[in-house]
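A.B. asks: Take this structure, written in structure tokens, and hold onto it; I'll ask about it next.
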Ligand code: GP9
Ligand code: MN
């Protein structure tokens, strides 16, 4: 009888998309710097408020020919929010349907995640920089199982007084104070920066912003543009350091928004700012706002452009591995390389809704992406949608059984050495 693991393996190997030869290995051997843009939605890109760009630096990256940017990239998180995004990006498996995988399974599960893969295949060192306490989302335990060698959490930084906001060290200080650790890491390194300042309720100290924001009845919306502007400045400052230190040309910088910042209940207040009418706002419009930025900046490269391929967070790991010239074929991963000709453009949301380049399907109702209108289905279209829906549901439930039953403990990819969490000790030897 076929085991559950075999069912999962059969699915992911049939779904595997071979790399695009033009892109394979274009960033081979480079450092990888992943920048997690907290609560950052795609509509912020190129947005002006009172005539001023909200995120001028990210906009310049977005339009640069050294950046492969995606305008139809969606977040796929559930209740695990940031932690779900991290899990998808670094394992190419989904978060759970309820709660956070990091919190529920991060201490005990077997992971075959980016830090371990890159270390074993290409001798990368690895680290996370984050200005909140290590235990938030059970990161201290999960990161060890992912094979992260270092975790520079709040305990490594001075977070006292006005150096922090609700979720920890202010982003500008995180980047600035991380340098002392970053420059001691062995290269090539794979590092992740998890920013926090652009987080609900989007409040900040007056002296940290001079951005003239909106004047809506919703203080979260007004604050959102200010904290996003601050985040943008923090990344600009970090780039200045990367440039000066010489690291920039030896690095590939991956930037992504983890999930929505403004919730569906706020979207009708937001609508006029996006040039839409609040009274015509529908669940189709909410779904479109699941777009978040995904940008791969490879300084020195000139082939970058704004891609219209549809994809999501689940697709990041195979995409990155292939850019680094590392085949993803031997791993159990649910996403597919965004640059592959066989990339699967059906984007699953955690609640089994999904988006394709043509349609948005919400609770079985089908909307046309160009008009936003709900469609009456012909038999043929219904069949096509049913097929996609079936695959989305299957993919999510296979990922769930893989993770909730810890099936990776029974699977050893070629040459993979199982991660031993006890190899790592993060908090200055105190924990
Ligand atoms: C906390 C931060 C926020 O450390 O990453 O997590 P979120 O609330 O966005 O899931
Ligand atoms: Mn988050």
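The values are calculated or read from the model by the stated rules, or taken from the named source; none is laboratory data. Because the structure is a prediction, the values reported are computed rather than measured. Cβ atoms come from the backbone with ideal geometry, glycine included; neighbour counts cover every protein chain shown.
A.B. asks: Among 414, 390, which is the only one that is assigned to a helix (DSSP H, G or I), farther than 16 Å from residue 76 by Cα and at pLDDT 95 or above?
C.D. replies: 390
A.B. asks: Report whether or not residue 197 is touching a helix residue (DSSP H, G or I) at 6+ places or on another chain (Cβ under 6 Å), over 11 Å from residue 129 (Cβ atoms) and not in a helix (DSSP H, G or I). Break it down into steps so the answer makes sense when it comes.
C.D. replies: Numbers: touching a helix residue (DSSP H, G or I) at 6+ places or on another chain (Cβ under 6 Å): yes; over 11 Å from residue 129 (Cβ atoms): yes; not in a helix (DSSP H, G or I): yes.
Against the criterion (touching a helix residue (DSSP H, G or I) at 6+ places or on another chain (Cβ under 6 Å), over 11 Å from residue 129 (Cβ atoms) and not in a helix (DSSP H, G or I)), residue 197 qualifies.
A.B. asks: Right, another one. Would you call residue 62 in contact with a helix residue (DSSP H, G or I) (Cβ under 9 Å, 6 or more places away or on another chain) and modelled with pLDDT of 95 or more?
C.D. replies: No, not satisfied.
A.B. asks: Go through the stretch 267-303 and count every residue that is in contact with a helix residue (DSSP H, G or I) (Cβ under 6 Å, 6 or more places away or on another chain) and within 16 Å of ligand 1 (Cβ to nearest atom).
C.D. replies: Result for the stretch 267-303: 2.
A.B. asks: Looking for something in a helix (DSSP H, G or I) and touching a residue at least 24 places away in the same chain (Cβ under 8 Å) - is there at least one such residue anywhere in the stretch 31-40?
C.D. replies: Within the stretch 31-40 (the criterion being in a helix (DSSP H, G or I) and touching a residue at least 24 places away in the same chain (Cβ under 8 Å)), the answer is no, since none of the residues qualifies.
A.B. asks: In the list 118, 101, 96, which residue meets the criterion of being under 30 Å from residue 159 (Cα atoms) and touching a residue at least 24 places away in the same chain (Cβ under 8 Å)?
C.D. replies: So the residue among 118, 101, 96 that is under 30 Å from residue 159 (Cα atoms) and touching a residue at least 24 places away in the same chain (Cβ under 8 Å) is 101.
A.B. asks: Where in the stretch 234-340 are there strands (runs of 3 or more DSSP E), lying fully within it, with 1 or more residues that are under 30 Å from residue 6 (Cβ atoms)?
C.D. replies: 306-312
A.B. asks: So, one more: I'd like the full set of residues that are over 13 Å from the mean Cα position of the chain (by Cα) and under 19 Å from residue 337 (Cα atoms), limited to the stretch 32-65.
C.D. replies: 32
A.B. asks: Anything in the stretch 83-110 that is more than 25 Å from residue 422 (Cβ to Cβ) and part of a loop (DSSP other than H, G, I, E, B)? List them, or say none.
C.D. replies: 92, 94, 95, 96, 97, 98, 99
A.B. asks: While we're on this one: Any idea which of (1) within 18 Å of the chain's Cα centre (by Cα); (2) surrounded by fewer than 22 Cβ atoms within 10 Å (Cβ to Cβ) is the one residue 215 doesn't satisfy?
C.D. replies: Failed condition: (1).
A.B. asks: Take the stretch 67-82 and flag every residue that is part of a helix (DSSP H, G or I) and within 10 Å of residue 99 (Cα to Cα).
C.D. replies: 81
A.B. asks: Take residue 172 and decide whether it is farther than 21 Å from residue 427 by Cβ, out of contact with any strand residue (DSSP E or B) (no Cβ under 9 Å at 6 or more places or on another chain), more than 13 Å from ligand 1 (Cβ to nearest atom) and touching a residue at least 24 places away in the same chain (Cβ under 8 Å).
C.D. replies: Spelling it out, residue 172 is indeed farther than 21 Å from residue 427 by Cβ, out of contact with any strand residue (DSSP E or B) (no Cβ under 9 Å at 6 or more places or on another chain), more than 13 Å from ligand 1 (Cβ to nearest atom) and touching a residue at least 24 places away in the same chain (Cβ under 8 Å).
A.B. asks: Going by the structure shown, is residue 93 within 16 Å of ligand 1 (Cβ to nearest atom) and within 20 Å of the chain's Cα centre (by Cα)? Outline the logic, then answer.
C.D. replies: Working: within 16 Å of ligand 1 (Cβ to nearest atom): no; within 20 Å of the chain's Cα centre (by Cα): yes.
No.
A.B. asks: What pairs can you find where one residue is in the stretch 128-139 and closer than 11 Å to residue 174 by Cβ, the other is in a loop (DSSP other than H, G, I, E, B) and near ligand 1 (Cβ under 7 Å from one of its atoms), and their Cβ atoms are less than 8 Å apart, with a gap of 6+ or different chains?
C.D. replies: What qualifies is 130/196; 131/167; 131/196; 132/167; 132/196.
A.B. asks: Go through 187, 180 for me and flag whichever is at pLDDT 95 or above, in a loop (DSSP other than H, G, I, E, B) and closer than 21 Å to residue 246 by Cα.
C.D. replies: Of the residues listed, the single one that is at pLDDT 95 or above, in a loop (DSSP other than H, G, I, E, B) and closer than 21 Å to residue 246 by Cα is 187.
A.B. asks: Report the residue count in the stretch 42-93 for those that are surrounded by fewer than 24 Cβ atoms within 10 Å (Cβ to Cβ), farther than 26 Å from residue 321 by Cβ and within 16 Å of ligand 2 (Cβ to nearest atom).
C.D. replies: 1
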